[in-house]
Structure formats: C-alpha cells, structure tokens
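Enquirer: Next up is a structure, given as structure tokens.
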Amino acid sequence: MASMISVSKNRIFSLSNRFYSYVFRVTPEGLLEHMYYGAPLSKPLDIPVHHHRTLRHAVSHFEGHEHFNLNDTPQEFPSFGTSDYRFPAIHGRNSDGNTVFSLLYKKHKITSSKPDLKNLPSARGGDSHTLIVTLEDPLHKLTVDLHYTIYAEYGVLVRSAKFKNKSDQEIQLQHAFSSALDFPPGDYEVLHLHGTWSREFNEERISVPKGRFVVDSARGTSSAAHNPFIALMQKGTTEEFGRVYGTTLMYSGNFALSVERGEFEDVRLLAGINPFNFHWRLKPGKSFETPEALHVYADQGLRSMSHMWHEFVRDKISPPQFRYAPRATYLNTWEAAYFDVDGDKVLKMADKAKEIGVDMLVLDDGWFEGRKDDTSSLGDWVADQQRFPSGIPALAKKVKAKGLKFGIWFEPEMVNPKSALFEKHPDWVLHVPGRTSSLGRNQLTLDLSRDEVTDYLFDQIDAFLSCGDVDYVKWDMNRNMTEVGSAGLAKNRQREVSHRYMLGLYKLLGKLTKKYPDIIFENCASGGNRFDLGMLSFMPQGWISDMCDPVGRLGIINGASYLYPLDTMAAYIGPSPNHQNGRVSSIQTRFMAGVFCAARGVSLNEETIDAHKDELKHLMALAKKTSADMVGGRFDRLINNGNAVCWQYTSRDESTVYLAYFHILAAPNLPFRRAHLTGLDSKAVYELEEDGSRFQGDALMHSGMPMPYVATGQVKDDMRYMEKGDFSSYLFVFRKEDKK
C-alpha cells in the first residue's frame, strides 16, 4: 500500500486518499498552520498558502513577528494567550500560575499501524497510516502528540491528542480537546441533533452565527439533549448536493462540539471533552490522552456523508464478530409485563414467543431480589427467590430447551438507596459531602471511577453469564449524574470524576465483552441518552429510544441515520395505545417503523399476542427472512416532508431493494407522490415481489416509483392503495434480475 501521508522538505504535511486531502504546514515560527481540507488533490503538497500576512490594525502580533496575527491564522491545535482570542483547543495552568502556552513543532513520525488509545475506545486500524506530530512548549516542557489516521478505503480522518508533562512541576489541564478544524471564510450551515427522553435525534439546521455555537453535555452521558455529532455544510446542502464536513466524538461522557465564526469570518470547529467542570492535574512524567474525534468530508450532500459514516462504523468501530451477523428476533418482557414477572410467566411467554416464531426471549427488569417497582433493589444482582426459586441460570436452560435463545436485562451502573448494596457501601455512589443526593428514577449512580466498584459489578454479572446459556444482555442506564464527587479521590481531583467514571465504565465493558465475545450486548440509556460510538465499540446495537410509537420513531431514526447505520439499532412492536404518547396505530405500522433496523422484535402481553397472532407470525417471519439483508446494507433517506417519509434500503449484495413509505395524516384530494430511488444499476431490471411488475433501474431513479395512495373514497383497481386513515405504511420489495 502506497503511503497516503507525504511530507515536503519545507515541512508541508499531506494526508490524501481517494476521498479527501488534508494539508497543513509548519510556519517559520514553528506553529502548525492549516492549509486545506476537502476534495482529493492530485498534488496536495503544491497548493498555495491561502492565508496572507498583512498589516492589520488593532491586532497583536505573535511574539513580536510583524504582520503575524494568530487571531486570523488557521491552526491545527490552537492555544490561548499569544494573540489568538478564539476558543482554544488547549488551555491550562502552568507552573508559573498563568495560562499561556505556546506549542511549537518538535518532530513527527509516520507509521503504517494505528496506535490504540490506552484507556479509551478507538477505531480499529488496517490499511491505514498514522501521522504523529509532536508539539512542545519549550518553557514549561508540555508536549502534545497530535495523531492523524487516514484509511485507504474510508473517507474518515481520525484525530486525537496526547498530553505529556516532561517538567518537574504540575500542569493543570482545563481544556483538552481532541481536534481543531479551522475553515476559511464562507457561508456555512450547521446540522445537529437535539432532543430529550423519547424525542431524541431531532434535526436542526442553522446558519453559522457570529460568535460561538456549542452543542455539549454536562450530564455525565453523551445525552439525549445533544448527540455528539455535528455537520458543517455549504449553505443549501441537500441529500444529494453540497460540501459537508461531519464530525463526531468516540466518547460517552461530557463532550463539547464548538463552532465559532471569528471577526475575520473564519470558522473554527472544536471537538472533545467538555471543558465545563473539567480539570485534570497532570503530574510530572504523566500523560493524558483525549478521545478520538472522527471527521468526514463529502462533496455530494448529506447522503454521501452518511454512507461514509455507516461503512466506517460498521467496519472499524462495531465489534467485528457481529459485523454481518443477522440479529435474532425476540420477545421482550418489559411492555408485556413490566415488573410483574416470575418463572412461570416467563416460560409462558417463551411459549408465546414460539407461537409467533421469534428466536429469543428477553427477561427485562423485575427479576432480582425485592424488585417489584423502581424504588428498590438495584445493585443487588441476585434472583428473587420467591418468583424465581430455581434461579436465572436454570430458567435460561428451560427457555433454551424450548428452542429459543435467552437474554437478560441489567442496570449495573445504578443503585437504589433501598438496597443491600447501598446499606453496605453508601460511599460507593457519586456524592459530595454535606449535600443530600438528588434522585433520578429513585436511584443513585455508582462511582465507577473506583476499581472496587467495577470489580464488584464484573463479579456480579460474570456469575450469570458464566452459566453459558445467556445469548444477549440489555445494558441499561436510566439517569444522568448529579452531585458528581468521589470518596475515592482527593479534594483537588474532584473535577476529574466524570472522566474517570468513563474510564472505569470502558474498563468494565472491555473485560466483559472480551470474556464473552459471542454474547450480544445492547446499549440502552433510557433510550438514546448514551447512544454514541464509544458505547457502540463494545456493543453492536443500541436501543435508540423508548419511543415505540411509529410516528414518533420515524423522526428519531431519520435523524440518527445521519451518523449511525441501522445495523446498530433495535426496534420492537410495542403496545397500542402507545405508552409514551397514547397514539393508536396498527401492528403493521408499528413494525414498519423499525423494519430496516437490524434487531426487531415484540414487547406485547399475552392477550395482545393472541388477538394478533397471525399478523405477528407473518411480520416476524418477514423479519427473519430479511435479517441477513438488514446488516451491511445501504440506507437512504428519500422523502421527509412532515407528512410523508420514504426510506430505501439496499442489501449488501445489491440483489434486493426495499422501499418503506409512511403516510402520517390522511386528508382528501392528496397529491400523487413518487419516490426517486438511488444507487441502482441503471441497466438492470428490478422485479417487484408483490405482483411481478418489472422496472428498469434508470426509470426507478429518474422517473421514480409512484407511492401508494391513501384511500379516502372509491378505490380503483389500477392504483396501489394504503390502509385508509392516519399512520399508514407500505413496503415495496424489489429483486434485481440476474443478468445471466
């Protein structure tokens, strides 16, 4: 493999593949100046310097260098205090008590391997090259290794920073971002994803304002309020048009993504740990590594950006053993019984699961000692002896004897004050002296920054998984952090707790998933409160939202799909009226909202299953029939106009194309809509499974496929119709004809 990283004699650095070029240089003063990030260049080392040094009035000149003003200089890793007044990538207190650092080029190296981060999840290497540029503040002996990894077959640039204190005095880090991108003046828009519980991943687009626009979290999770993703776009960008720079962070805790338009119209994008309430004491000889920031450049709109993200997440972040593994269909006990579960009920539900043809029975909350509601017992991971007298391993064996897989729910990171664990170890929770701890869902957060806590959790979970009959674990986390303090850390290190918690969580997950590589772990945090690449590096799928109403789910999946492949998502048919918003919808539409998710199932009580048994059998058979197609395929957003949504999913081998159409509210005299499919073989013929109709690929893409009409009056046989009324859905399945 030819090197994708080049360095000129005058120290211009280029990272270039068939997707993008990224270029920066060392200035005569020793600073790293950003030069270009965009479409691939044939000779990236020969591009001209676009930033000019000129006389500007009322500015400061960097360390006395005439006409050199850092406040308008595009930089790779900016600091504060030497003429740049924009928000910096690094800020801290040095041994002199001030916050001025000046990081200058010291050395660089290029490696064909991708170094893993020591204590944080990181993207896998392979067919990649990494450039490591070392900067140093010669006065205070702080060095920063900037890591840049480029891949031959992916349009993703991976960046991180490693700080080292080589002095004999403590340095206190207050900002430690993973990456900085300085863009030239332009008319940009920002796309980000915001929300709350059961309303995650709402899309918002705004023009980049003067000043700073920040999406962040200080909740101890990446959060449902703002997902750690942002896209900086050419104004007017659509699914098919426009230059897009996507950025995300491989981190599950407090993060910040900052976009700042400076006084000279330049735009700076920072990605990393949230500097708010963060402080790290870097002792002499110690180092601190940041999470990885991932960047994508796409020049054909949001659709092309999403395709790059999806391929990379699937191939380089998700656990590789599940990359193309079809997911089991399942029956989950939660909305079927809530806390009212026992051994006999679970076995009856296993029988119901068999009747409708699903592959797995999942025992959700309520199975452990004293757990009859959400007020007690979290932390006491022992089966309730009255309701499960034979224990969970014996129950799992009985379920598996019926020909089903077995899954179980844990919420390991939390504890109820009403629990044996809390009575024995009240100091094992996050808390601060002299304050009454706030409760969330009647629970407190265990202090995972402490080894004794993570060791306890490993032992408790391992005791269940070691029986060998558990195929799936749903890992839940149902509250954000408050009173963030640790009895295990000194007073002057309390602002390290949130990050140390994440390090403890990652360590625990790493131990469990390494010991049990064949168990599928599903990430859940009240739905999408911690749906991010950090968690997905350990768990191949996640519960994206507690919103099971199909209309509510459409927007959630549509927004999440800008970054996350649908391989990583789980969905099930929940009750109607919906328990989150009261909406009534059909079984068909409830299934269809998650039809392209990899993991699909049912969470209904026995009466509802019996009443809809034939339809559920049909839909679960469809889920099983399509399960291999729903991993590794290509997802495309075609229509989303507020009242109609249309998605396309193309199987990995491109032999099958699925088209899902949703009509939300019915009305009279509606227009006739058509969907323009994308990415087809223009010369191939596609046969519609339902009636054998045949369509040329170019016709489906350019003329479009007529969408079914919502019948409100007389029905004509020469048209396709959808279910009359609100919340209708329709699935087309096209088979590509073999040219042979």
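The values are calculated or read from the model by the stated rules, or taken from the named source; none is laboratory data. On a predicted model such as this, the values are computed, not experimentally measured, just so you know. Note that each Cβ is placed from the backbone with ideal geometry, even for glycine, and that neighbours are counted across all protein chains shown.
Enquirer: Taking the range 273-317, which residues are within 30 Å of Gln234 (Cβ to Cβ) and touching an Asp or Glu at 6+ places or on another chain (Cβ under 7 Å)?
Expert: Asn274, Gln300, Gly301, Leu302, Arg303, Arg314
Enquirer: Let me ask another. Conditions: (1) surrounded by fewer than 23 Cβ atoms within 10 Å (Cβ to Cβ); (2) outside any loop (DSSP other than H, G, I, E, B). Thr196 meets all but one. Number of the miss?
Expert: (2)
Enquirer: Filter the range 634-693 down to the residues that are outside any strand (DSSP E or B) and among the hydrophobic types (A, V, I, L, M, F, W, C) and list them by number.
Expert: The answer is Ile664, Leu665, Ala666, Ala667, Leu670, Phe672, Leu677, Leu680, Ala684.
Enquirer: Counting only residues that are small (Gly, Ala, Ser) and closer than 22 Å to Tyr330 by Cβ, which one in the range 627-650 is surrounded by the most Cβ atoms within 10 Å (Cβ to Cβ)?
Expert: Gly633
Enquirer: So, one more: For the range 29-44, name all the residues that are free of Cβ contacts under 8 Å to residues at least 24 places away in the same chain and either among the polar types (S, T, N, Q) or assigned to a loop (DSSP other than H, G, I, E, B) (or both).
Expert: Ser42, Lys43
Enquirer: Of everything in the range 251-265, what is over 25 Å from the mean Cα position of the chain (by Cα) and either surrounded by 20 or more Cβ atoms within 10 Å (Cβ to Cβ) or within 17 Å of Gly220 (Cβ to Cβ) (or both)? Give them in sequence order.
Expert: Of everything in the range 251-265, just one residue is over 25 Å from the mean Cα position of the chain (by Cα) and either surrounded by 20 or more Cβ atoms within 10 Å (Cβ to Cβ) or within 17 Å of Gly220 (Cβ to Cβ) (or both), namely Arg261.
Enquirer: List the strands (runs of 3 or more DSSP E) that sit entirely inside the range 123-183 and contain at least 3 residues that are in the same structural domain as Thr111 (by TED's automatic domain parsing), among the β-branched types (Val, Ile, Thr) and modelled with pLDDT of 95 or more.
Expert: Per the criteria, 128-137, 142-151.
Enquirer: Could you say whether any residue in the range 45-61 is at pLDDT 95 or above, closer than 19 Å to Phe13 by Cβ and in a loop (DSSP other than H, G, I, E, B)?
Expert: no
Enquirer: Let me ask something else about it. Within the range 339-377, count every residue that is hydroxyl-bearing (Ser, Thr, Tyr) and either assigned to a loop (DSSP other than H, G, I, E, B) or closer than 23 Å to Glu522 by Cα (or both).
Expert: 2
Enquirer: Let me ask another. In this structure, does Leu117 turn out to be part of a loop (DSSP other than H, G, I, E, B), modelled with pLDDT of 95 or more and either in contact with a Ser or Thr (Cβ under 9 Å, 6 or more places away or on another chain) or not hydroxyl-bearing (Ser, Thr, Tyr) (or both)?
Expert: Criteria met by Leu117.
Enquirer: List pairs: first in the range 148-159 and closer than 14 Å to Ser178 by Cβ and free of Cβ contacts under 8 Å to residues at least 40 places away in the same chain, second assigned to a loop (DSSP other than H, G, I, E, B) and of a type in the set (D, E, K, R), Cβ under 9 Å, 6+ apart or cross-chain?
Expert: If the second residue must be assigned to a loop (DSSP other than H, G, I, E, B) and of a type in the set (D, E, K, R), the pairs left are Thr149/Lys114; Thr149/Glu292.
Enquirer: Output the residues belonging to the range 337-355 that are farther than 21 Å from Pro389 by Cβ and either outside the structural domain of Phe388 (by TED's automatic domain parsing) or buried (at least 23 other Cβ atoms within 10 Å of the Cβ) (or both).
Expert: Ala353
Enquirer: If you don't mind, another one. Condition check: surrounded by fewer than 21 Cβ atoms within 10 Å (Cβ to Cβ) and either over 23 Å from the mean Cα position of the chain (by Cα) or not in a helix (DSSP H, G or I) (or both). Does Pro291 satisfy that?
Expert: No, not satisfied.
Enquirer: Looking at the range 497-539 only, could you name the residues that are among the charged types (D, E, K, R), surrounded by fewer than 21 Cβ atoms within 10 Å (Cβ to Cβ) and farther than 16 Å from Trp428 by Cα?
Expert: Lys507, Lys511, Lys514, Lys515, Asp518, listed by residue number.
Enquirer: Considering Phe727, Phe662, which residue is under 19 Å from Phe591 (Cβ atoms) and in contact with a Leu (Cβ under 7 Å, 6 or more places away or on another chain)?
Expert: Of the residues listed, the single one that is under 19 Å from Phe591 (Cβ atoms) and in contact with a Leu (Cβ under 7 Å, 6 or more places away or on another chain) is Phe662.
Enquirer: Of the conditions (1) surrounded by fewer than 22 Cβ atoms within 10 Å (Cβ to Cβ); (2) within 23 Å of Met539 (Cα to Cα); (3) in contact with a Pro (Cβ under 9 Å, 6 or more places away or on another chain), Leu439 fails just one. Which one is it?
Expert: If we test Leu439 against (1) surrounded by fewer than 22 Cβ atoms within 10 Å (Cβ to Cβ); (2) within 23 Å of Met539 (Cα to Cα); (3) in contact with a Pro (Cβ under 9 Å, 6 or more places away or on another chain), just (2) comes out false.
Enquirer: Can you say whether Ala420 is farther than 26 Å from Tyr501 by Cα, assigned by TED's automatic domain parsing to the domain that holds Ala621 and among the hydrophobic types (A, V, I, L, M, F, W, C), as far as the supplied structure shows?
Expert: Here the answer is no, as Ala420 does not meet what is asked.
Enquirer: Would the range 1-19 turn up any residue that is at pLDDT below 95 and not polar (S, T, N, Q)?
Expert: Yes.
Enquirer: If you don't mind, another one. Residue by residue through the range 574-615, note down the ones that are in a loop (DSSP other than H, G, I, E, B) and among the small types (Gly, Ala, Ser).
Expert: Hits for the range 574-615 are Gly574, Ser576, Gly582, Ser585, Ser586, Ala593, Gly594, Ala598, Ser603.
Enquirer: Here are some residues: Leu104, Leu70. Which one is of a type in the set (A, V, I, L, M, F, W, C), within 28 Å of Tyr36 (Cβ to Cβ) and modelled with pLDDT of 95 or more?
Expert: Just a single option satisfies the conditions, and that option is Leu104.
Enquirer: Moving on to the next point. Answer yes if at least one residue in the range 455-463 is touching a Phe, Trp or Tyr at 6+ places or on another chain (Cβ under 9 Å), closer than 30 Å to Pro393 by Cα, surrounded by 20 or more Cβ atoms within 10 Å (Cβ to Cβ) and in contact (Cβ under 8 Å) with a residue 40 or more places away in the chain, and no otherwise.
Expert: Scanning the range 455-463, I find at least one residue that is touching a Phe, Trp or Tyr at 6+ places or on another chain (Cβ under 9 Å), closer than 30 Å to Pro393 by Cα, surrounded by 20 or more Cβ atoms within 10 Å (Cβ to Cβ) and in contact (Cβ under 8 Å) with a residue 40 or more places away in the chain, so the answer is yes.
Enquirer: Considering each residue of the range 301-329, count those that are within 22 Å of Val362 (Cβ to Cβ) and crowded, with 19+ Cβ neighbours inside 10 Å, and give that number.
Expert: 5
Enquirer: Return the total of residues in the range 518-538 being touching a helix residue (DSSP H, G or I) at 6+ places or on another chain (Cβ under 6 Å), closer than 22 Å to Lys118 by Cα and either outside any helix (DSSP H, G or I) or of a type in the set (D, E, K, R) (or both).
Expert: Of the residues in that region, 2 qualify.
Enquirer: Now for a different question. Please go through the range 327-358 and pick out each residue that is in contact with a Gly (Cβ under 9 Å, 6 or more places away or on another chain) and at positive phi.
Expert: Listed by number, the list holds a single entry, Tyr338.
Enquirer: From the list Tyr105, Tyr85, pick out the single residue that is in a strand (DSSP E or B) and among the aromatic types (Phe, Trp, Tyr).
Expert: Only one candidate passes the filter, namely Tyr105.
Residue-wise test of (1) touching a residue at least 40 places away in the same chain (Cβ under 8 Å); (2) in the same structural domain as Leu677 (by TED's automatic domain parsing); (3) more than 19 Å from Gly357 (Cβ to Cβ).
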| residue | (1), (2), (3) |
| --- | --- |
| Asn578 | no, no, yes |
| Arg590 | yes, no, no |
| Cys597 | yes, no, no |
| Ser603 | yes, no, no |
| Glu615 | no, no, no |
| Thr626 | no, no, no |
| Cys646 | yes, yes, yes |
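Enquirer: Name the single residue that is surrounded by the most Cβ atoms within 10 Å (Cβ to Cβ) among those in the range 378-436 being within 30 Å of the chain's Cα centre (by Cα), part of a strand (DSSP E or B) and without any contact (Cβ under 8 Å) to a residue 60 or more places away in the chain.
Expert: Val415
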